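Worksheet: one structure, shown below.
Please treat every number below as a calculation from the coordinates, not as lab data. Nothing here was measured: the structure is a model prediction, and the numbers come from that model. As a convention, Cβ positions derive from the backbone with ideal geometry for all residues, glycine included, and neighbour counts pool all protein chains shown.
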């Protein structure tokens, strides 16, 4: 009997809900002393509309003292895909905490904003490169040593990083997962993986330079990204790492070499003149 009465008793309360009540509920949560509550409120805002007032609340939370809250804000802003949210992400690039700054760079890269690529290239490249001036040396060094394997792997999967939908060829997901979930991977190696789908000439040169980096994870990430470009012209670049002293690097180089070699043979067969009937 109670099961029949209860929904009826609760129904008026649901009907009586107003925009003001929902706003108040979210506002209290955003101002809560518990950072987890504030984070939950920020995450919940991704379900709301992108009205100016709600977007303003999200932007304001970029000043939150808790890193996890600010990371959630960056993720929420990345979903908005409008000018105001993009401008807020540009400000987040200046966050003093490397995790937040890197998250903003990844978000801007996803949105095809030039600042996202410039930020990632600044992390990847050496001191002498022009783009290295994008961040201060201190911040760039902090980003290069940043370790965010789990969150970055999930991000990479969402963005299709490393995916190469070519019949008969692997997508490199296991290779990417092994790198991004390795506790020893650096921010520079992460940047090399995230930049893998970019076909720009400067990016290609940056990845080639990374093949000779002293950090093994950067070399392995560069091999991974270059292999998935499916360009046989890169065979000779991978060949130089077949003698690498790090197993994770030379085995990827060997597999990448075979991948590009197979692509080269397939193209040669396709280009060869067919025998007369």
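See the values below:
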{"read-out": "Convex hull volume per residue for region 174-214, taking Cα atoms only, in Å³", "value": "70"}
{"read-out": "Most to least packed among 81-93, 112-124 [average Cβ atoms within 10 Å]", "value": "112-124, 81-93"}
